[in-house]
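Novice: If you scroll down you'll find the structure; I have some questions about it.
The values are calculated or read from the model by the stated rules, or taken from the named source; none is laboratory data. Computed from a prediction, not measured in an experiment: that's the story for all the values here. Neighbour counts are summed over all protein chains in view; Cβ atoms, including those assigned to glycine, are modelled from backbone coordinates with ideal geometry. With ligands, DNA and RNA removed, areas are computed over all heavy atoms of the protein, side chains included. Shrake-Rupley method; radii C 1.70, N 1.55, O 1.52, S 1.80 Å.
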Amino acid sequence: MLSARERDEVRQRLLHLAREDPAIAGAALTGSHAAGRADRWSDIDLVLGVDGPPAAAMQTWTRRLYGDFGAVHHWDLPSGPAVYRVYLLPGGLEVDIAFTPASAFGPRGRTWRTVFGQARGVEPDAPPDADELAGRAWHSALHAWTCIQRQRWWQAEYWIGALRGQVLALACRRLGHPTGYAKGAHLLPPELTAPLEATLVRALDGAELTRALRAATTAFAEELPRTDPALAARLHPVLTELSTAEL
């Protein structure tokens, strides 16, 4: 794995290339480096504001990442006007570069540090809708229960994990922490996270999966009233049935 020094050298090389590229109107750091929380395991997160078609700049930069930095793979994650191209470099270094039109170059999240260029006052990304998180939670609970009945153990384990993730996201949203990818889970108080330890699946059999699902459903039923008491009351009969149903 690359050292922090080697990673920082890669970041500086990328920023130098951005300054020298006439198609790049601005560059910014995001993620842990922008927030001053980087450690030796942090990856590189950049946003590039592009003059002209972002697709052309993406092609140019992808050639550079493979030719000059030895990238071994990449994939794309569209987000609003931007496309995040995620590169894997030798040594296990991840480089996330968001290519966005110069007119949309500006902070949309909590972490942003302009390196050069003019950041615009763009509309920040809204936190996930609590109603959607709750809907995904009961959806996951129902599918986990169905998979247990069908003896699809791996699929049941997947849905129990998805339910746990939605409970964490609901709690993070309520307390003002990042919701995606459990990034704010470590900031939650122990009294909220300790009960979720019982949702971890320890064996792929019906009895264990049923136990874990009951724990996850109970955790959801306890978290939801803190955000939406009315919805919690409407869901209570179904969640109670799920948490007491036998295999």
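Novice: Report those helices (runs of 4 or more DSSP H) wholly inside region 145-247 carrying at least 2 residues which are more than 21 Å from D131 (Cβ to Cβ), modelled with pLDDT of 95 or more and among the aromatic types (F, W, Y).
Specialist: Here the list reads 153-175.
Novice: Has region 24-35 got at least one residue that is of a type outside the set (A, V, I, L, M, F, W, C) and at pLDDT 95 or above?
Specialist: Restricting attention to region 24-35, the residues satisfying the condition of being of a type outside the set (A, V, I, L, M, F, W, C) are 26, 30-33.
Remaining after also requiring at pLDDT 95 or above: 26.
Yes, that holds for at least one residue.
Novice: Answer yes if at least one residue in region 118-131 is buried (at least 18 other Cβ atoms within 10 Å of the Cβ) and either farther than 15 Å from A221 by Cα or of a type in the set (A, V, I, L, M) (or both), and no otherwise.
Specialist: Initially, region 118-131 is screened for residues buried (at least 18 other Cβ atoms within 10 Å of the Cβ), giving none.
Within region 118-131, not a single residue is buried (at least 18 other Cβ atoms within 10 Å of the Cβ) and either farther than 15 Å from A221 by Cα or of a type in the set (A, V, I, L, M) (or both).
Novice: Report every pair of residues separated by at least 6 positions or lying on different chains whose Cβ atoms are under 8 Å apart, first residue within region 222-247 and closer than 15 Å to L170 by Cβ and among the polar types (S, T, N, Q), second open to solvent by less than 30 Å² (accessible area, probe 1.4 Å) and modelled with pLDDT of 90 or more.
Specialist: Pairs that qualify, where the first residue is closer than 15 Å to L170 by Cβ and among the polar types (S, T, N, Q) and the partner is open to solvent by less than 30 Å² (accessible area, probe 1.4 Å) and modelled with pLDDT of 90 or more, are T227/A130; T227/A134; T227/L170.
Novice: Step by step: first the residues of region 70-80, then only those that are aliphatic (A, V, I, L, M) and assigned to a loop (DSSP other than H, G, I, E, B), then the one that is surrounded by the fewest Cβ atoms within 10 Å (Cβ to Cβ). Which residue is that?
Specialist: V72
Novice: Still on this structure: Cβ-Cβ below 9 Å, separation at least six or inter-chain, first residue in region 74-98 and on the phi > 0 side of the Ramachandran plot, second exposed (fewer than 13 other Cβ atoms within 10 Å of the Cβ) and among the hydroxyl-bearing types (S, T, Y): which pairs?
Specialist: Filtered contacts from region 74-98: G91/S3.
Novice: Out of curiosity, is R5 in contact (Cβ under 8 Å) with a residue 24 or more places away in the chain and either under 18 Å from Q118 (Cα atoms) or of a type outside the set (G, A, S) (or both)?
Specialist: The answer is no for R5.
Novice: Being open to solvent by 60 Å² or more (accessible area, probe 1.4 Å), under 23 Å from the mean Cα position of the chain (by Cα) and closer than 29 Å to S32 by Cβ is true for just one of R164, R173. Which residue is that?
Specialist: Working: R164 fails: open to solvent by 60 Å² or more (accessible area, probe 1.4 Å).
Only one candidate passes the filter, namely R173.
Novice: Let me ask something else about it. Assuming F220 fulfils every condition listed in (1) under 23 Å from the mean Cα position of the chain (by Cα); (2) open to solvent by 50 Å² or more (accessible area, probe 1.4 Å); (3) under 16 Å from L242 (Cβ atoms) apart from one, which condition is it?
Specialist: (2)
Novice: Within region 12-39, how many residues turn out to be closer than 20 Å to M1 by Cα and over 20 Å from the mean Cα position of the chain (by Cα)?
Specialist: 3
Novice: Let me ask something additional. Here is a list: L196, L235. Which entry is open to solvent by less than 40 Å² (accessible area, probe 1.4 Å) and more than 24 Å from the chain's Cα centre (by Cα)?
Specialist: The conditions single out L235.
Novice: Can you name every residue in region 21-69 that is open to solvent by 60 Å² or more (accessible area, probe 1.4 Å), closer than 15 Å to V83 by Cα and part of a loop (DSSP other than H, G, I, E, B)?
Specialist: D51, P53
Novice: Among the numbered criteria (1) farther than 24 Å from G109 by Cβ; (2) in contact (Cβ under 8 Å) with a residue 24 or more places away in the chain; (3) open to solvent by less than 60 Å² (accessible area, probe 1.4 Å), which one does A134 miss?
Specialist: Condition (1) is where A134 drops out.
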